[in-house]
Amino acid sequence: MNKLRQELFDTRKDLAVIADRIPEGVKILDLGCGNGILLKLLSEEKNVNGLGVEVSQNKIIECVGNGVPVIHADLNTKLPFKDHSFDYVLLSQTLQAVDRPDLLLQEMIRIGERIIISFINFGFYKARFQLLFHGRMPVTETLPSTWYNTENIHLATILDFRNLCIKQGLRIVKEIPIGQSSNFFAKLNPNLFAPTCVFVLEKA
């Protein structure tokens, strides 16, 4: 395992899972790409033609430093890309932070043949326990901010997301739950035991 992939696996397992789902040489759009580390890995390992979209100027500078092409755009607006102009459109742990997740999903499937999303699961048992026993909004590894300073404005469970996909006319090609230490329980009951989950989607 190379250094970059090890860094992804240690810090963001969902990005490593997404990287494994991408074929060689495809055209990729990474929405909310952050510092561009995923696109950098995919460029090195799979020779993809990648482009990032980011709203933070600081993150854009980091992308440039990582040798990743990036444009500035707000995911809450219509994106400046033609229909079906990418093979894959990616979105990692960002859907809950946009104004209208349903509209962003429509944009993604308009632009890409397939979309891959990693999703923070509010139904994770640690979040449920904090609500049930402490009566307050949960703080977990995947939801580290408190309710008053969080960017997450549309929290949902895996079941909620599955239902949204149905309403949006999207077919779930693959659902990959990611457990904290072992994936056994996460696969057994993703909505309860998976803090994050990766979905591969296409038009139904």
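Which of the residues belonging to the range 92-113 are open to solvent by 40 Å² or more (accessible area, probe 1.4 Å) and in a loop (DSSP other than H, G, I, E, B)?
Listed by number, the residues that qualify are GLN93, ASP99, ARG100.
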- Report the residue count in the range 177-194 for those that are hydrophobic (A, V, I, L, M, F, W, C) and in contact with an Asp or Glu (Cβ under 9 Å, 6 or more places away or on another chain). 1
- Note on the structure: Within the range 1-57, residues open to solvent by less than 10 Å² (accessible area, probe 1.4 Å), touching a residue at least 40 places away in the same chain (Cβ under 8 Å) and farther than 25 Å from GLN106 by Cα come out as none
- From the list ILE116, ILE60, which residue is among the β-branched types (Val, Ile, Thr), open to solvent by less than 70 Å² (accessible area, probe 1.4 Å), touching a strand residue (DSSP E or B) at 6+ places or on another chain (Cβ under 8 Å) and more than 28 Å from ALA194 (Cβ to Cβ)? ILE60
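Okay, residues lined up against (1) part of a strand (DSSP E or B); (2) modelled with pLDDT of 95 or more; (3) of a type outside the set (Ser, Thr, Tyr):
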site	(1), (2), (3)
VAL53	yes, yes, yes
HIS84	no, yes, yes
LEU90	yes, yes, yes
ILE117	yes, yes, yes
PHE129	no, no, yes
PHE133	no, no, yes
PRO138	no, no, yes
ASN149	no, no, yes
ILE153	no, no, yes
- Query: Which of the residues that make up the range 159-182 are under 22 Å from THR11 (Cβ atoms) and surrounded by 14 or more Cβ atoms within 10 Å (Cβ to Cβ)?
  - Reply: ILE176, PRO177, ILE178, GLY179, GLN180
- Message: I need the full set of residues from the range 183-195 which are open to solvent by less than 10 Å² (accessible area, probe 1.4 Å) and outside any loop (DSSP other than H, G, I, E, B), in order please.
- Response: ALA186
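The values are calculated or read from the model by the stated rules, or taken from the named source; none is laboratory data. Given the structure is predicted, the values throughout are model-derived calculations rather than measurements. Note: ideal-geometry Cβ built from the backbone for every residue, glycine included; neighbour counts use all protein chains shown. Each accessible area value is taken on the protein alone, full model and side chains, heavy atoms only, with ligands, DNA and RNA left out. Shrake-Rupley method; radii C 1.70, N 1.55, O 1.52, S 1.80 Å.
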